[in-house]
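Taking it in order: structure first as structure tokens, then the write-up.
The values are calculated or read from the model by the stated rules, or taken from the named source; none is laboratory data. Just so we're clear, the structure is a prediction, and the values are computed from it rather than from any experiment. Neighbour counts are summed over all protein chains in view; Cβ atoms, including those assigned to glycine, are modelled from backbone coordinates with ideal geometry. Areas reflect the complete protein model, heavy atoms only, side chains present, ligands, DNA and RNA absent. Shrake-Rupley method; radii C 1.70, N 1.55, O 1.52, S 1.80 Å.
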Amino acid sequence: MKKITLLFLLLSAQHFIFSQAKLQSPSEFLGYELGDRFTRHYRVAEYFKSVAYAMPANVLVQQYGETYEHRPLIYAIVASVDNLKNIEQIRLDNLKRTGIVSGTPTTKVAIVWLSYNVHGNEANSMEASMKTLYELVNPANPKTKEWLKNTVVIIDPCINPDGRDRYANYYSQYGSIPANADPQAREHRELWPGGRANHYLFDLNRDWAWETQTESQARIKIYNQWMPHVHVDFHEQGYNTPYYFAPAAEPFHEVISTWQREFQTTIGKNNAKYFDEQGWLYFTKERFDLFYPSYGDTYPVYSGAIGMTYEQGGIGGGLTVTTTEGDPLTLKDRLTHHFTNSMSTIEISSQNADRLADEFEKYFKENNTNPAAVYKTYVIKAENNPDKIKKITDWLSSHSIQFGNAATGKPARGFDFTTQSVNNFNLTTEDIVFNVYQPKGRFITTVFEPQNKLTDSLTYDITAWNLFYAYGLKAFALNEKITADKKYQPKAIDAESLPSKPYAFIFRYQSLNDVELLAALMKKGVKVRSTNKSFTLKGQNFEPGTLIVTKRNNENVADFENTVQSIAKGLNRKTYVASTGFVDKGFDFGSSEVNYLKMPKVALLGGDQASSLGMGEIWHFFEQQIHFPVSVIGADYFKNIDLPKYDVLVVPDGNYRLFDETQLSIIEHWVTNGGRLILIANGASAFADKKGFALKEYVDDDAKKKAEKDDKEQKEKDGPVKYGEAERKELSHSISGAIYKVTLDKTHPLAFGLDDFYYTLRTNELHFSYLEHGWNVGILKGKQKPVMGFAGNRVNKKLENTLAFGVEDKGKGRIVYLVDNPTFRCFWENGKMLFANAVFMVGQ
């Protein structure tokens, strides 16, 4: 019986495989017309594989990664028979044009990459990807056969499968049968958190450069193995908005070449031709700029491609919706528009294939031999924390950025990121050097230049992101070219010999790696202490925050010494061994200045009142970065939870309504009894000016009166604000993301492991007074102006002498106020250290 069953299964599988040998259209394969329903991701992956099986001479489908929810990330390479046979040579020849691979190319083929569905609830583009794939290899389509003679097309049908299936599942659950076009129907109003983001609620379209998510890490790796000439990122916007395609809006970053600007317009005009034929509405040159380097259009642009965003109206549109103009907009309409522009882009690229390859090669020749950037070389000083150096060098490697140690030491002069001024310094052979004379030179400039040139302050995203500030690195930007002649050699960790009777193990606390060690020790039941003051032992100086693991109090840990050392070795932590608790200088290990760090039970507030992005960043931080348990609590049932069960409650950015007088009283009582409350951005605003909480909105009466006077005088001079100028007039009151220098109180546990100054990425206009009854750990002191990025002059004025980070002592507990979000997009490395301190160090 088992043999018969096995034979039946084998025959069934064989029948399935051979039944796919004939090329099928999407509707033939799926059993319904595209646009009739939302296709699940696994079916799209199956369709792509079926096309590859039916057309093996034209299509190659490969898996390049896996999502957090274990869905495959795939892409298809579509080419003519001859080109697919020669595909590896074509890929290598293209890399030769960039200089990443040495040699002279022998082929000249355009490479077009189409990326669909980065936002899960912008749901039509994965459907369009199937139609695009089919038409490219459809034997009855003579046009595509011609295009593929000189163009290779790469299709990623879904960058964000987890979010896409979340949306599809939602719509299947709540969608009417037949579909209801009423915009107020449930099917058009997604429940929190919606399908836009990935599993950890990250916006993958902001993560191309930072690579914090597994999807981004996998995609960037394969992208840099191809380096396409044209890249399109398919999106949707509100369903009442017409279609958007290139050319993009200002600001353009100044590193963008003339050709990249021109060919965007060429593509846009070709798209317009097809839209004009159908009478479809569209717009260009508005809203979507090319500045922030971590988008699906800008990252390719700064990597030599013609990078573009295409936006179809449709978010929340379901299968059909009635627009404000009274017109029906269907899923079939939306996918048809994306399909049309997919084909149009391939067509115009094929018509200009030689020029695309030539200009691509020219772009990289300029990068490698004559970069226009003011700053030619960047230096990371060797005295920086080795963990941070490893993280930044790993990041450089992931983007194919060449770096190394300086060949010789010498006096040098450059922009000092620590002081924001030009200073002399000594370049040593241990310093890390990378210059812009390399393939990724323009990308280097956009990420690391001391100041970016903003041609228009009305931008779509943050205006500052420099990783030297994000990591808190001592670094310099130089006007001269310095070549990295030596391969970078990270410092090896010296192992310290173990005495026969160790009294304690000591670990420095200077980076997120050390936080990960602390978390790992706690999870193993190891009791850890931390010093509030610096101390010296055996000639070594240890800063506040240093972790101390004594043999005493850990008698119940099985194989204590090996357990601690094994964890430390696994995390590449240097272990210092003490044979005594008597220090040379400072406080002994039994002092009250050495605190026991209790393993906290952490609750994180989520749900429809929390920012899904803000909550997701913290969720990811705990689970994927420090591997520590966290309980996500919904705002809808928060009032019913057993709050005393938790030691720490994190309230992320959000728009909260649940904190009424009763809830505030309950939370205050919980804090007084020893709870630790961490409030972030608008999470802090929910507690500002409330009874029992020290946070107060900052109002400078004199400054307010002066601003009102200035406004009045300006209005008298200019007259009433014109309707068309209103948006720009508001810029003086806004901040879209700029870097400020925060003065830190390093003696407070919230600042352990950080320097005297902290560079904060401010994305809000919140301003609070110094705490009258509390610790003002991070402050914006005196007149304010961003170190980098744009902020309106009225905002800068309001930020003078205000709180950035503070701690209120309340009974046995603590309230931590983080006015700026230190975990923003999880790429602000120093911010994660600050947040970790709030969780593990403050109030212990």
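Structure notes:
- Index of the failed condition, LYS145 passing every other in (1) in contact with a Pro (Cβ under 9 Å, 6 or more places away or on another chain); (2) under 30 Å from GLY194 (Cβ atoms); (3) not aliphatic (A, V, I, L, M): (2)
- Any hit, region 430-452, residues being at positive phi, open to solvent by 50 Å² or more (accessible area, probe 1.4 Å) and either touching a His at 6+ places or on another chain (Cβ under 6 Å) or not hydroxyl-bearing (Ser, Thr, Tyr) (or both): no
- Enumeration of residues in region 536-562 that are part of a helix (DSSP H, G or I), in contact (Cβ under 8 Å) with a residue 24 or more places away in the chain and more than 15 Å from PHE507 (Cα to Cα): PHE560
- Failed item in (1) in contact with a Ser or Thr (Cβ under 9 Å, 6 or more places away or on another chain); (2) within 23 Å of TYR64 (Cα to Cα), with PRO193 passing the rest: (2)
- Top-ranked residue in region 86-123 [being hydroxyl-bearing (Ser, Thr, Tyr) and assigned to a loop (DSSP other than H, G, I, E, B); ranked as farthest from the chain's Cα centre (by Cα)]: THR106
- In region 513-529, residue farthest from LYS601 (Cα to Cα) [restricted to those that are in a helix (DSSP H, G or I) and open to solvent by less than 30 Å² (accessible area, probe 1.4 Å)]: ASP514
- Where strands (runs of 3 or more DSSP E) fall wholly inside region 328-438, the ranges with 1 or more residues that are touching a residue at least 12 places away in the same chain (Cβ under 8 Å), more than 28 Å from the chain's Cα centre (by Cα) and more than 30 Å from GLU127 (Cα to Cα) are 410-416, 421-427.
- Of all residues making up region 790-803, the number that are surrounded by fewer than 24 Cβ atoms within 10 Å (Cβ to Cβ) and either of a type in the set (Ser, Thr, Tyr) or more than 24 Å from PHE687 (Cβ to Cβ) (or both): 7
- Region 271-288, residues that are surrounded by 15 or more Cβ atoms within 10 Å (Cβ to Cβ), under 30 Å from the mean Cα position of the chain (by Cα) and not in a loop (DSSP other than H, G, I, E, B): TYR282
- Candidates PHE468, PHE507, filtered to the one that is open to solvent by less than 10 Å² (accessible area, probe 1.4 Å) and touching an Asp or Glu at 6+ places or on another chain (Cβ under 9 Å): PHE507
- Evaluating GLY268 against the criteria (1) over 18 Å from the mean Cα position of the chain (by Cα); (2) not in a helix (DSSP H, G or I) leaves one unmet condition, (2).
- Residue check, VAL816 at pLDDT 95 or above, open to solvent by less than 10 Å² (accessible area, probe 1.4 Å), assigned to a strand (DSSP E or B) and β-branched (Val, Ile, Thr): yes
This table checks each residue for (1) acidic (Asp, Glu); (2) more than 25 Å from GLU46 (Cβ to Cβ); (3) open to solvent by less than 10 Å² (accessible area, probe 1.4 Å); (4) in contact with a strand residue (DSSP E or B) (Cβ under 9 Å, 6 or more places away or on another chain).
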position: GLU88; (1), (2), (3), (4): yes, yes, no, no
position: ASN94; (1), (2), (3), (4): no, yes, yes, yes
position: ILE100; (1), (2), (3), (4): no, yes, no, no
position: PRO105; (1), (2), (3), (4): no, yes, no, no
position: ILE111; (1), (2), (3), (4): no, yes, yes, yes
position: ASN138; (1), (2), (3), (4): no, no, no, no
position: GLU146; (1), (2), (3), (4): yes, yes, no, no
position: VAL153; (1), (2), (3), (4): no, no, yes, yes
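Results for (1) farther than 26 Å from ASN86 by Cα; (2) open to solvent by less than 70 Å² (accessible area, probe 1.4 Å); (3) at pLDDT 95 or above; (4) outside any helix (DSSP H, G or I), shown as yes or no for each residue.
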| position | (1), (2), (3), (4) |
| --- | --- |
| LEU9 | yes, no, no, no |
| ALA21 | no, yes, no, yes |
| PHE48 | no, yes, yes, no |
| LEU60 | no, yes, yes, yes |
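- Top-ranked residue in region 471-497 [being of a type in the set (A, V, I, L, M) and open to solvent by 70 Å² or more (accessible area, probe 1.4 Å); ranked as modelled with the lowest pLDDT]: ALA495
- Subset of region 530-555 (residues that are of a type in the set (Lys, Arg) and either buried (at least 20 other Cβ atoms within 10 Å of the Cβ) or closer than 15 Å to PRO502 by Cα (or both)): LYS538, LYS551, ARG552
- Filtering region 572-601 to residues that are under 21 Å from GLU516 (Cβ atoms) and of a type outside the set (S, T, N, Q) leaves ARG573, LYS574, TYR576, VAL577, TYR596, LEU597, LYS598, MET599, PRO600, LYS601.
- Matching residues, region 628-673, being under 24 Å from VAL515 (Cα atoms), touching a residue at least 40 places away in the same chain (Cβ under 8 Å), touching a Gly at 6+ places or on another chain (Cβ under 6 Å) and open to solvent by 30 Å² or more (accessible area, probe 1.4 Å): ASP653
- The set of residues from region 181-218 being open to solvent by 50 Å² or more (accessible area, probe 1.4 Å) and part of a loop (DSSP other than H, G, I, E, B) comprises ASP182, GLN184, ARG189, GLU190, LEU191, TRP192, ARG196.
- Residue match in region 289-311 (condition: acidic (Asp, Glu) and part of a helix (DSSP H, G or I)): no
- Filter result for the condition that a residue is part of a loop (DSSP other than H, G, I, E, B), more than 20 Å from the chain's Cα centre (by Cα) and surrounded by 21 or more Cβ atoms within 10 Å (Cβ to Cβ), over GLY806, GLY782, GLY778, GLY843: GLY843
- Within this structure, THR483 fails the test of being of a type in the set (Ser, Thr, Tyr), more than 28 Å from PHE425 (Cα to Cα) and touching a residue at least 12 places away in the same chain (Cβ under 8 Å).
- Against the conditions (1) under 39 Å from the mean Cα position of the chain (by Cα); (2) open to solvent by 70 Å² or more (accessible area, probe 1.4 Å); (3) not charged (D, E, K, R), THR575 satisfies every one except (2).
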